[in-house]
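The values are calculated or read from the model by the stated rules, or taken from the named source; none is laboratory data. From a predicted model like this one, the values you see are computed outputs, not experimental measurements. Every residue, glycine as well, gets a Cβ built from its backbone with ideal geometry; the counts of neighbours run over all protein chains shown.
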Amino acid sequence: MTLPTTAIEDLLGLAIRHVNAGQVARARVLCEQAVKAHPPHPAVQQLLAVIDLQQGDANSAAEWAMASLALRPDHPPTQRVAADAWFQVSLERHEAHDLAGEASALREVLRIAPERVEAEVNLGIALQDAGEMTDAMRAYGRAFRLREDTFGRIAHALATPETGRLWLNLDALRAELRVA
């Protein structure tokens, strides 16, 4: 049975009030009712992404956010939620030593929000750790060109003993990052 639009909007409004009041479990139940009654609804999916992100389930949050973006791709609030969820997924995959998964999640962040400099730096680190120095330098270069204040973090990452390079001339490193 499909609920009328106003009923979906009423469920969504009530769910948002529950989230704002800290009653996340109640909000989730209302969102799940809305999903069953009238799928797909981008605002409901976005709210489920927010709830999951707040509760530490970044993978589920990313899935809900991407489902919402499939219906309204240029919706800035959902893009922010999706990028935050994918960034959290990347951190979880980093902790699990899943370099490919980390890099994949960071690429999703950058696809959604190319201005996320910290994602570029982290992508560089993940690629460097995976032994993909050419691609790592490209990511570092993009980060540096977006914000030169990332230089210290990049230089530090590049100096790691296992996979890095030692740069004796930091001006030469800056010059390479400008064109990488």
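What's the total number of residues in segment 43-76 that are within 21 Å of Q23 (Cβ to Cβ) and not aromatic (F, W, Y)?
So in segment 43-76, the residues within 21 Å of Q23 (Cβ to Cβ) come out as 43-57, 60-61, 64.
So of that shortlist, the ones also not aromatic (F, W, Y) come out as 43-57, 60-61.
Within segment 43-76, residues that are within 21 Å of Q23 (Cβ to Cβ) and not aromatic (F, W, Y) number 17.
Return the residue satisfying two criteria in turn: it lies in segment 119-147 and is out of contact with any Leu (no Cβ under 9 Å at 6 or more places or on another chain) and part of a helix (DSSP H, G or I), and of such residues it is surrounded by the most Cβ atoms within 10 Å (Cβ to Cβ).
I125
Hey, A126 hits all of (1) outside the structural domain of L48 (by TED's automatic domain parsing); (2) out of contact with any helix residue (DSSP H, G or I) (no Cβ under 9 Å at 6 or more places or on another chain) but one; which does it fall short on?
The number of the failed condition is (2).
Restricting attention to segment 13-26, and to residues there that are within 23 Å of the chain's Cα centre (by Cα) and closer than 16 Å to A61 by Cβ, which single residue is surrounded by the fewest Cβ atoms within 10 Å (Cβ to Cβ)?
V24
Would you tally the residues in segment 14-46 being farther than 17 Å from W64 by Cα and of a type in the set (G, A, S)? Break it down stepwise before answering.
Taking segment 14-46 first, the residues farther than 17 Å from W64 by Cα are 14, 17-18, 20-23, 26.
Within this subset, residues satisfying the condition of being of a type in the set (G, A, S) are 21-22.
Summing the residues that are farther than 17 Å from W64 by Cα and of a type in the set (G, A, S) in segment 14-46 gives 2.
For the structure I just gave you, tell me whether R153 is outside any loop (DSSP other than H, G, I, E, B) and more than 25 Å from S68 (Cα to Cα).
yes
Does A119 satisfy being in contact (Cβ under 8 Å) with a residue 24 or more places away in the chain, closer than 30 Å to H41 by Cα and outside the structural domain of C31 (by TED's automatic domain parsing)? First the steps, then the outcome.
On the way: in contact (Cβ under 8 Å) with a residue 24 or more places away in the chain: yes; closer than 30 Å to H41 by Cα: yes; outside the structural domain of C31 (by TED's automatic domain parsing): yes.
Taking the combined requirement at face value, the residue satisfies it.
Show the residue pairs meeting these rules: Cβ distance below 6 Å; 6+ apart or different chains; first residue within segment 144-160 and closer than 13 Å to R174 by Cβ; second residue loosely packed, with under 15 Cβ neighbours inside 10 Å and not polar (S, T, N, Q).
Matching pairs, first to second residue: L158/R165.
Quick one: how many residues across segment 165-180 are surrounded by 10 or more Cβ atoms within 10 Å (Cβ to Cβ) and in a helix (DSSP H, G or I)?
Pass one, segment 165-180, residues surrounded by 10 or more Cβ atoms within 10 Å (Cβ to Cβ): 165, 167, 170, 172-178, 180.
Checking the rest, the ones that are also in a helix (DSSP H, G or I) come to 170, 172-178.
So the count comes out to 8.
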